[in-house]
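Have a look at the structure below before the remarks.
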């Protein structure tokens with residue numbers, strides 16, 4: 001099953017997100033008010049690479065609704081996309097929209113690729129907007145992810 005995520009257009013506390021899982025595609029603008037989905041996405045990828053059995057998630061708050069991308073193992077890695085009409089830092093009464101088994105390495109590499117691309121977009125946005133995003137970019141987590149995947153910034157294996 002294929003997975004892709006694009007984070008772009010940081011502006012005044014919002015980012016555009018395009019998330020694909022299998023044949024489904026979700027596009028939305030997420031807020032930085034309730035949580036930091038960029039950081040949570042990096043944490044999710046690290047958890048995947050480390051093979052941690054716990055359920056890890058990134059919540060994208062759309063004000064007032066929200067999406068959640070969750071990774072879990074049973075024993076294969078499954079990604080779940082859930083949606084709720086009411087959300088904040090958590091979704092209230094979420095409905096599972098899609099659940100698919102994915103390749104752990106490919107999924108983590110895709111998240112790393114997305115975060116690397118987003119980093120340059122966040123830096124460019126900060127040059128023209130004093131507050132394009134409320135949270136610092138998770139550089140330390142991205143570096144840990146690169147190390148855990150055993151890829152460097154220039155590595156073609158990471159899709160750079």
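A compact table of results
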{"item": "Every residue from the range 51-78 that is surrounded by 15 or more Cβ atoms within 10 Å (Cβ to Cβ), more than 28 Å from residue 133 (Cα to Cα) and in contact with a helix residue (DSSP H, G or I) (Cβ under 9 Å, 6 or more places away or on another chain)", "result": "73, 77"}
{"item": "Of the criteria (1) touching a helix residue (DSSP H, G or I) at 6+ places or on another chain (Cβ under 9 Å); (2) surrounded by 14 or more Cβ atoms within 10 Å (Cβ to Cβ); (3) outside any helix (DSSP H, G or I), which one residue 28 fails", "result": "(1)"}
{"item": "Some residue of the range 141-151 being modelled with pLDDT under 95 and either farther than 25 Å from residue 74 by Cβ or in contact with a strand residue (DSSP E or B) (Cβ under 9 Å, 6 or more places away or on another chain) (or both)", "result": "yes"}
{"item": "Qualifying position, being surrounded by 13 or more Cβ atoms within 10 Å (Cβ to Cβ) and either touching a helix residue (DSSP H, G or I) at 6+ places or on another chain (Cβ under 6 Å) or under 14 Å from residue 49 (Cα atoms) (or both), among 151, 81", "result": "151"}
{"item": "Residue 39, sole failed condition from (1) touching a strand residue (DSSP E or B) at 6+ places or on another chain (Cβ under 7 Å); (2) modelled with pLDDT of 95 or more; (3) surrounded by 15 or more Cβ atoms within 10 Å (Cβ to Cβ)", "result": "(1)"}
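The values are calculated or read from the model by the stated rules, or taken from the named source; none is laboratory data. Keep in mind that this is a model prediction, so the values were computed, not measured. Here the Cβ is made from the backbone with ideal geometry for all residues, glycine too, and neighbour counts use every protein chain on show.
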